[in-house]
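A short write-up of the structure that comes next.
The values are calculated or read from the model by the stated rules, or taken from the named source; none is laboratory data. Note that the structure is predicted; figures quoted are calculated from it, not measured. Here Cβ is always computed from backbone atoms with ideal geometry, including for glycine, and neighbour counts include all displayed protein chains. When the accessible area is computed, the model is the full protein with side chains, heavy atoms only, and any ligands, DNA or RNA have been set aside. Shrake-Rupley method; radii C 1.70, N 1.55, O 1.52, S 1.80 Å.
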Amino acid sequence: VVKGLTAGTATITATTSNGFTAQCLVTVSSSVVYYSGYYPAPDFGAYMNVNAFATGSTDKMTMFVYKAQDITVSSEIALKGYLDLLFENGFYYVTKRYDSENMPVLIYKNDAYGVYVLITCGITYGYASVKIAVTNASSFW
């Protein structure tokens with residue numbers, strides 16, 4: 001299984017044990033899905049092809065929680081790919097804070113749209129999880 005993490009092309013070459021080779025050109029097109037109401041915040045679930053198993057909202061932000069076990073690539077690859085997608089959509093790193101469980105929360109902002117994306121991980125309902133919060137409130141912490 002090959003999963004494209006960003007738009008582009010790549011040639012994949014496979015070689016059998018007896019020396020035969022085959023090549024395949026793979027093209028990944030950009031079809032970014034955004035969190036509803038928070039353009040241009042890329043939807044992590046759509047990007048990783050996983051559904052949020054929990055969501056929550058306050059008057060200031062919306063949180064999407066994804067089970068780590070549902071993500072089919074390593075957490076390092078998933079995070080790097082999602083951060084690249086944030087940067088491609090005009091976000092930049094703002095700061096790191098700590099939540100009530102002392103877990104780091106990485107905060108990114110898109111100035112043009114006034115949208116923030118907060119990324120953390122932890123245990124939610126007994127599952128290791130990735131948590132993405134989105135907001136357009138200037139004061140949310």
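Find the percent of Cα-Cα distances in the chain that exceed 19 Å, and round it to a whole number.
Details: 5457 of 9870 pairs.
So the portion of pairs separated by more than 19 Å is 55 percent.
Measure out, as a whole number of angstrom, how far apart the alpha-carbon centroids of the range 45-61 and the range 66-131 sit.
Value for the Cα centre distance between the two parts: 11 Å.
Mind ordering 48-59, 10-21, 92-103, 116-127 by average Cβ neighbours within 10 Å, highest first? If you can, show how the numbers build up before the last one.
Values: 48-59: 13.1, 10-21: 7.9, 92-103: 10.4, 116-127: 16.7.
Packing proxy ranking, top to bottom: 116-127, 48-59, 92-103, 10-21.
Starting from the Cα of Lys109, draw a straight line to each of the lysines and keep only those under 23 Å, dropping any in the same chain fewer than 8 residues away.
By straight Cα distance, Lys109 reaches Lys60, Lys80, Lys96, Lys131.
How far is helix 75-88 tilted off the main Cα axis of the chain, in degrees rounded to 10, range 0 to 90?
Between the helix axis and the principal axis of the chain, the angle is about 70 degrees.
What does the accessible area per residue of the range 1-133 come to in Å², with a 1.4 Å probe and no ligands, DNA or RNA counted? Write down the numbers at each step before the final one.
Numbers: 8100 Å² over 133 residues.
Accessible surface, normalised per residue, equals 61 Å².
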